[in-house]
Amino acid sequence: MNPAEKIGPILKILDEHYADAHVTLDFTNPLELLVATVLSAQCTDVRVNQVTPAIFKKYPTAAAYADAPLADLEAVFHPTGFFRQKAKSVQGICKALVENHGGQVPASQEELVKLPGIGRKTANVILGNAFGIPGIVVDTHMGRVAQRLGLTANQDPVKIEFDLMPLVPQERWTKFSHQMIWHGRSICTAKKPKCPICPILPYCDYGQQAIPGGR
């Protein structure tokens, strides 16, 4: 089956098994989600959620991050790893928000990707979850699962995103992203995918090769 033929059954299976899939970062506004997303790089969402309540309370606005001593940001970001780079990134983004957007996170991909260090993946996370604007998030899980399913032959995240966009109805882009990411975390793991128990096995190129004849 080609990608256009298999996407319908795949979407149905994802709905059956991951009906409640959602972003697992805690936030109450777009700025909090932006900061949490930056902190989640090379760190689990669980760990990020443990430290962000205190961070969000201490730095409630973009200006607060922009004006903070960099060493202070490094200290509060330390538990998430790569804290020096993350502190520089968050402060640079927030300075740009203050200077160009009145301290508010813009609700367009065009403006978001102009912010320092913000790519299409992070922009789509923010748009889909903070503003309700559909976007396909291609993280390592999404990329891996899409490749194994045969929905894309590309390695580059942006090319993968553009391969998936015409396949998946636009209104489902954000939900589809969560479902694929949850599937990648729970079943289609990087090192030892659980192909024998995978509900999408009949439509998976990788799984059909790993388990000849399917189940």
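The GNM of the chain, with springs linking C-alpha atoms under 10 angstrom apart, assigns the highest mean-square fluctuation among ILE181, ILE93, ILE197 to ILE197. Extension gain, THR189 to ILE133: 0.36 nm times the residue separation minus the Cα-Cα distance gives 17.3 nm.
Across region 173-184, computed HN-Hα scalar couplings (Karplus, 6.51 cos²θ - 1.76 cosθ + 1.60, θ = phi - 60°) run 3, 5, 4, 4, 4, 4, 5, 5, 5, 4, 5, x Hz from first to last residue, x flagging Gly and Pro.
Work through the residues other than PRO157 whose Cβ is under 14 Å from its Cβ and net out their charges, Lys, Arg +1 and Asp, Glu -1. Walk me through the intermediate numbers first.
Numbers: positive: ARG120, LYS121, ARG144, LYS159; negative: ASP139, ASP156, GLU161, ASP163.
Computed value for this residue: 0.
So what's the projected area for region 1-75, the Cα convex hull averaged over all directions, in nm²? Present the calculation step by step, with values, prior to reporting the outcome.
Numbers: hull surface 29.5 nm².
Average projection, Cα convex hull of region 1-75: 7.4 nm².
Taking every alpha-carbon pair within region 1-125, the share separated by more than 21 Å comes to 44 percent.
A 22 angstrom limit on the alpha carbon distance is what I want to check against. Which of LYS95/LYS159; LYS57/LYS114; LYS12/LYS159; LYS95/LYS175; LYS58/LYS114; LYS121/LYS159 exceed it?
Details: LYS95/LYS159 30 Å; LYS57/LYS114 27 Å; LYS12/LYS159 24 Å; LYS95/LYS175 31 Å; LYS58/LYS114 26 Å; LYS121/LYS159 12 Å.
Too far apart for the 22 Å limit: LYS95/LYS159; LYS57/LYS114; LYS12/LYS159; LYS95/LYS175; LYS58/LYS114.
Backbone phi angles across region 161-167, fed through the Karplus curve with coefficients 6.51, -1.76 and 1.60 (θ = phi - 60°), yield HN-Hα couplings of 4, 6, 5, 7, 4, x, 7 Hz in residue order; Gly and Pro are listed as x.
Between 0 and 90 degrees, the angle of helix 140-149 with respect to the longest Cα principal axis of the chain falls at about 10 degrees. Estimated from helices alone, the mean residue ellipticity of the chain at 222 nm is -17500 deg cm²/dmol (sum of -39500 (n - 2.57) over DSSP H runs with n ≥ 4, per residue).
Here, each number is a calculation from the coordinates, and none is a lab measurement. Because the structure is predicted, anything quoted here is derived from the model rather than measured. When we count neighbours, we look across all protein chains shown, and the Cβ atoms used for this are built from the backbone with ideal geometry, even at glycine.
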